[in-house]
Amino acid sequence: MHVLITGAAGGIGRQLALALARKGAVLLLAGRGGDALAQLHRDVSMLAPRVFMLEADLLQPNATEPPLKGQGSGWPSPDW
C-alpha cells in the first residue's frame, strides 16, 4: 500500500503516518518541515519499508514542482 499524507508533521497526520507505518505502508509524507517533520521521519523509518519526505507548504502554488521534478520512479504512486 502506498499512501500520501499531507500535514504529516503533527496531529492527525502524524498519528496516521505512525499507524500506517506499523501496517507496512510505503509512505510519502508532506509537511512544512522543521524539527517535527524530521522527528517523524526518524520515527517512521524504523517501521515502514520505505519513507519519502516532501518538505513543502502545499497551500503555495507550485510548492511541489521543484522537489518532485526529476525524482522519477523512486517516488511511490499513491493507491487511490
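Using modelled amide H (1.01 Å from N, peptide plane; none on Pro or chain starts), what sits under 5 Å from the amide H of Leu28, excluding residues fewer than 5 places away?
Val3, Leu4, Ile5, Phe52
Quote the FRET efficiency, to the nearest 0.05, computed for Met46 versus Ile12 with a Förster distance R0 of 25 Å and r equal to the Cβ-Cβ distance.
In this case the efficiency is close to 0.75.
So how do Leu54, Leu59 rank on accessible area, 1.4 Å probe, biggest first, that is with the largest at the start?
Of Leu54, Leu59, the descending order of accessible area is Leu59, Leu54.
The values are calculated or read from the model by the stated rules, or taken from the named source; none is laboratory data. Everything quoted here is computed from the prediction, not taken from an experiment. Ideal geometry is used to build each Cβ from the backbone, glycine not excepted, and the neighbour counts take in all protein chains shown. Please note that ligands, DNA and RNA were not included when accessible areas were found on the heavy atoms of the full protein model with its side chains. Shrake-Rupley method; radii C 1.70, N 1.55, O 1.52, S 1.80 Å.
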